[in-house]
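Throughout, read-outs are computed from the coordinates displayed, never taken from laboratory work. In this text, all values refer to a predicted model and were calculated from it rather than measured experimentally. Counting neighbours? That spans all protein chains shown, and the Cβs are built from the backbone with ideal geometry, glycine included.
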Amino acid sequence: MTELQENPGTAPTLAEVVESIDALWPFSLTEEWDRTGVVVGRMDKPVRSILVAVDPVADVVTQAIEGGFDLLITHHPLLLKGVNSVSDETAKGEMVMRLAEAGCALVCTHTNADQPEGGVSQILADILGLTEQRPLAPAKNGPDDAGIGRVGVLAEPVSLASFAQRVARSLPRVAGGVRVAGDLQAEVRTVAVCGGAGDSLFDDVRASGADVYVTSDLRHHPASEARETARGGTPFLIDTAHFASEWVWVPFAAQALKRHLASRGLSVQAAVSELVTDPWDAVFFPERGAAGAES
Ligand SMILES: [Zn+2]
């Protein structure tokens, strides 16, 4: 985790931090099914330090509380469905109680942070070296440069294997690694990306002319059908851990928010959670020589 330093200057209130978040990743871009914004907190309380993470899970909440942070910002929502209780009898209620008792606010920036410039997929596309970027599926209620996913081109064509290695190197290390479907020797140049689960975008990926699609959470049937539809050709698939494809946004978000507050004369310390919150801990293969594992 990034270390906190002394923080001279006027600290923003939680309300002022939320205004800056809204300026960077407009809450109006939140999908209808999604829930973003303040989950826990007093709007007039000063925020001197912020921890940014992907997942509102117990280990991250502990990190925020033990680190003395005034605000935890997570990409994923804690309370997506309606709740009738935040007692400590449920895991989520326990997290709400611990945050409230410690005086640490929680704000979630989810689909509003997926779509705009400076959103999750654009940062993922930047990190993979894509230029001439455009949204994969333009936003219905946002500016022209907003939308889900990004399509762009690499400076020069590379093999699918080499590009998959670049993806693996660019993301945090997780137990499941990076999975690839397609001819490893084939050249790829046009790349579609969607941070997080992107299996609803195959039509957009095909329409984009992408040689390869980088996303997460690809299940058997959508992935198999996409490969069958491609008849062995493009778009090839690269499947990463959901946590990993979205974590790349976290350091960018911490800096962007700090800069935006500074432009308003407000000073805050912003740290990045480097805890790996991918739920999987290990992958096992059959002994050498078994089908598919070592070839
Ligand atoms: Zn996600």
Tell me, which residue of region 171-198 that is β-branched (Val, Ile, Thr) and within 16 Å of the ligand (Cβ to nearest atom) is nearest to Gln122 (Cα to Cα)? Val193
Selection status of Val188, crowded, with 19+ Cβ neighbours inside 10 Å and either under 20 Å from Val107 (Cβ atoms) or touching a Cys at 6+ places or on another chain (Cβ under 7 Å) (or both): no
With the first residue restricted to region 147-174 and required to be in a helix (DSSP H, G or I), and the second required to be polar (S, T, N, Q) and crowded, with 17+ Cβ neighbours inside 10 Å, Cβ contacts under 8 Å at 6 or more apart or on different chains are Val167/Thr240
Do we have Leu124 as within 16 Å of the ligand (Cβ to nearest atom), of a type in the set (A, V, I, L, M), under 18 Å from the mean Cα position of the chain (by Cα) and assigned to a helix (DSSP H, G or I) here? yes
